[in-house]
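A.B. asks: Dumping the structure here so I can ask a few things about it.
The values are calculated or read from the model by the stated rules, or taken from the named source; none is laboratory data. These numbers come from a predicted model, not from an experiment. Because the Cβ atoms are built from the backbone with ideal geometry, glycine has one as well, and the counts that use them run over all protein chains shown.
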Amino acid sequence: MKYYPEIDGFRAIAVLLVIAYHYFPSFAPNGFLGVDIFFVISGFVISGSLFNYSSELTHREIIAKFYAKRFRRILPALIGCALFSTLALVVLTIRPSRDAFLTGGAALFGLSNIVLFEQNADYFALSSQINAFTHTWSLGVEEQFYLIFPLLGLSIGVFGASRRQVSNAALSILLCLALLSFVSYAWMASANSVAAFYLSPFRFWELLIGCIAFLVHQSKYQVTWPKALDSLILAVLAICVFWKADFPVTQVALTCFCTALLLLSITNNGLLGWKIFLNAKPINYIGRISYSLYLYHWPIQVISVVTIGNSPQAFLIALCLSFLLAITSYHLIEIPFRRPSSKRSDSKYIAISLVLSSYVGVFVAIAGPKAAERMPWTVFDSVGVVPHKPWDVIPCHGAVRIAAASDPLSECLGFGPNLLPADIFLLGDSHAAQLTFPLKEITDELGSSLYFINTDREGDFPFIFLAQREAPWGPALSRTLQNVDSGDTLVLAFHRGHLNAKRDMHLDVSADTSPNSKSENLGHNLERLAHELVAREVRLILVLDTPLLSYITQVETCALQVRLWGTTACTVSKQQDLRTRSRQQTSFEAVAAKFENMVTIVDPADVFFANGNNFNPIAEDGSYRMIDWNHLSQREAHLLAPLFRTALSKDQSHR
């Protein structure tokens, strides 16, 4: 295919959108659509590559040459990035996720998108944000498409024919396949958004749009339009990228369609003045290094977040390093390996590439986590940052411990009413688990018992209370209601993020904090529960959420920043923290107002923001007040005991 420098300009736009979304999301709220632009460009370019192979070549020779070219294009830079990122994770971070190494290893087999789907790793959720190889999902989609599309194209006569004419039948088949894939994607986006995002069948339509655009360009159908309309197409594309709206399927479809039209315009000498921008040397160069830049920008950001922080200054450093590594990779790895060797046949090159990528993939997936566990030295050690002390074992907390019990509900919540007052039953998620420390302190003083379980199941509290308006109690709460006596107390606590769009992220200043369906369901179900408890003379304590750090990171990162800069970006303001938990607080206060004598709210902010407007996870003596971005340290949790004593005394005074 003829080289069009404007296509490199589009690649530059695509990669810069993705980087802007990851580094500065407020600037390009839909910058992730840059990947969709890449898909269309890839479909367009590989169709051109396949179309230009000599008609004298056999199908086998065409396939061998195509795969060899793809391997030279993709694998060397990917292997280099995978090895660099693995080493960086081992040396520069504490406790890197095993899932990250597994994803990185799978990327060398072109399967990282499938692994991420199996991990149920929502691209926009926590687990994906701390996985240094999440971004390789798109390579998996492309590589799976590259495996299938040449075979399809040859079988329907699009490529390798003696006549350079695309048949109507071939175009019709590709168009039908694209429509089928798109309809499947549109349906799956609501049925299973993770599958729609990661799995190839629901993404192939994007690459097929690029393929169809190229084949239309080569066909007898010369699609043209007034060149002035190019600006309108670009405007629609810009709106899709920069206008935050709740129509993801529509925006993805418009983005892909507009990209295909602009590629056709390029090949038809359109775009008028926009060519000047796309052909500008800096933009064109970024387009040429876009693959390496895409590979490195994400792991560098992830490592930055867990070391020097997520401040604009930190991200600027990370961005500069990403460009430096991309330039190095492009000139020292990409360019040399793209040149075919006259000493080695395409088949031998494919075989060697497969063996090498398999070896590196297995090495990253297996040796990476083992090296991280046994690494005798990290950057944290060099400045005296020590790992946090984990919680003491909490019985009945976590799927592993619960699975080991023969009858977890009985073992955790008791075998029936004991007719003794002042017992405390605690239900919730891991944010309830941290309250076992102060509550056990209190029950030991009272000579009563503490019962706790965290099943972490969708059919139990708190999840079922958020999902349904007339929710069943669920196994744990049902057993609790069977076992409580008059004078006992039920304590409920859970992560405030379950009521927001993103669990572990603070709400933006402009974000809507009004009640939503989940918070309304919660309030209604808590009111039903309160009626039930009042009838049994059982008190209810609702615990507002404990602090959530300003961003997702390890607490050791916060300590490292204090050592390096004397301050940390982990600190969260009281105003921000209370804003993010506002839906939870509104629901709790509405219930407490209706059952003034039997429902009490405990607010940890009274303790953790008592001495100022900010919460720093690193104490003045350097100790850790949290064990991660959303759980208190054991010592810090004990500071809540006085609040519970007051709440219990208040409730008791009304009896």
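A.B. asks: Does the stretch 26-38 include one or more residues that are among the polar types (S, T, N, Q), assigned to a helix (DSSP H, G or I) and surrounded by fewer than 21 Cβ atoms within 10 Å (Cβ to Cβ)?
C.D. replies: No: the stretch 26-38 contains no residue that is among the polar types (S, T, N, Q), assigned to a helix (DSSP H, G or I) and surrounded by fewer than 21 Cβ atoms within 10 Å (Cβ to Cβ).
A.B. asks: Here is a follow-up. Please indicate, with yes or no, whether at least one residue in the stretch 623-645 is in contact with a Pro (Cβ under 7 Å, 6 or more places away or on another chain), assigned by TED's automatic domain parsing to the domain that holds H524 and within 20 Å of S519 (Cα to Cα).
C.D. replies: Looking through the stretch 623-645, none of the residues is in contact with a Pro (Cβ under 7 Å, 6 or more places away or on another chain), assigned by TED's automatic domain parsing to the domain that holds H524 and within 20 Å of S519 (Cα to Cα).
A.B. asks: Another question about this same structure. Restricted to the stretch 301-326, and to residues that are surrounded by 23 or more Cβ atoms within 10 Å (Cβ to Cβ) and modelled with pLDDT of 95 or more, which residue is nearest to Y285 (Cα to Cα)?
C.D. replies: If we take residues in the stretch 301-326 being surrounded by 23 or more Cβ atoms within 10 Å (Cβ to Cβ) and modelled with pLDDT of 95 or more, then A326 is nearest to Y285 (Cα to Cα).
A.B. asks: Hey, another quick one. Only residues that are within 27 Å of the chain's Cα centre (by Cα), within 30 Å of I424 (Cα to Cα) and in contact (Cβ under 8 Å) with a residue 40 or more places away in the chain: list them for the stretch 381-412, please.
C.D. replies: The answer is H388, K389, P390, W391, H397, G398, A399.
A.B. asks: Okay, moving on. In the stretch 80-109, what residues are part of a helix (DSSP H, G or I) and of a type in the set (A, V, I, L, M)?
C.D. replies: A82, L83, L87, A88, L89, V90, V91, L92, A100, L102, A106, A107
A.B. asks: Could you list, ordered by first residue, the pairs with Cβ atoms under 7 Å in which the first is in the stretch 362-380 and touching a residue at least 60 places away in the same chain (Cβ under 8 Å) and part of a helix (DSSP H, G or I) and the second is crowded, with 18+ Cβ neighbours inside 10 Å and among the acidic types (D, E), at least 6 apart or interchain?
C.D. replies: Hits for this filter: F380/E556.
A.B. asks: Please go through the stretch 383-422 and pick out each residue that is out of contact with any Phe, Trp or Tyr (no Cβ under 7 Å at 6 or more places or on another chain) and either of a type in the set (S, T, N, Q) or within 25 Å of E537 (Cα to Cα) (or both).
C.D. replies: S406, L409, S410, E411, F415, G416, P417, N418, L419, L420, P421, A422
A.B. asks: Residue check: is L171 at pLDDT 95 or above and surrounded by 15 or more Cβ atoms within 10 Å (Cβ to Cβ)?
C.D. replies: It is false that L171 is at pLDDT 95 or above and surrounded by 15 or more Cβ atoms within 10 Å (Cβ to Cβ).
A.B. asks: Given T103, T93, T136, which one is touching a helix residue (DSSP H, G or I) at 6+ places or on another chain (Cβ under 6 Å), within 21 Å of Q554 (Cα to Cα) and polar (S, T, N, Q)? Quick ask: steps written out before the conclusion?
C.D. replies: On the way: T93 fails: touching a helix residue (DSSP H, G or I) at 6+ places or on another chain (Cβ under 6 Å); T136 fails: within 21 Å of Q554 (Cα to Cα).
It is T103.
A.B. asks: Now a separate question. Looking only at residues that are modelled with pLDDT under 90 and not hydroxyl-bearing (S, T, Y) in the stretch 190-213, which one is surrounded by the most Cβ atoms within 10 Å (Cβ to Cβ)?
C.D. replies: V194
A.B. asks: Looking at the stretch 588-600, is at least one residue among the aromatic types (F, W, Y) and either under 24 Å from S304 (Cβ atoms) or outside the structural domain of D423 (by TED's automatic domain parsing) (or both)? Write out each step before concluding.
C.D. replies: As a first pass, look at the stretch 588-600 and keep what is among the aromatic types (F, W, Y): 588, 595.
Retained after the next criterion (residues that are either under 24 Å from S304 (Cβ atoms) or outside the structural domain of D423 (by TED's automatic domain parsing) (or both)): none.
Checked the stretch 588-600: no residue is among the aromatic types (F, W, Y) and either under 24 Å from S304 (Cβ atoms) or outside the structural domain of D423 (by TED's automatic domain parsing) (or both).
A.B. asks: Going through the stretch 1-57 one residue at a time, which ones are within 27 Å of L507 (Cα to Cα) and more than 29 Å from the chain's Cα centre (by Cα)?
C.D. replies: Listed by number, the list is empty, since nothing qualifies.
A.B. asks: Might you let me know whether the stretch 442-456 holds any residue that is among the β-branched types (V, I, T), free of Cβ contacts under 8 Å to residues at least 24 places away in the same chain and within 23 Å of L648 (Cα to Cα)?
C.D. replies: Yes, the stretch 442-456 contains at least one residue that is among the β-branched types (V, I, T), free of Cβ contacts under 8 Å to residues at least 24 places away in the same chain and within 23 Å of L648 (Cα to Cα).
A.B. asks: Being assigned to a helix (DSSP H, G or I), in the same structural domain as I601 (by TED's automatic domain parsing), crowded, with 19+ Cβ neighbours inside 10 Å and touching a strand residue (DSSP E or B) at 6+ places or on another chain (Cβ under 7 Å) is the requirement here; does L439 meet it?
C.D. replies: Yes; evaluated as a whole, the condition is true for this residue.
A.B. asks: Okay, moving on. Residue by residue through the stretch 386-436, note down the ones that are part of a loop (DSSP other than H, G, I, E, B), aromatic (F, W, Y) and assigned by TED's automatic domain parsing to the domain that holds D456.
C.D. replies: Result: F415, single match.
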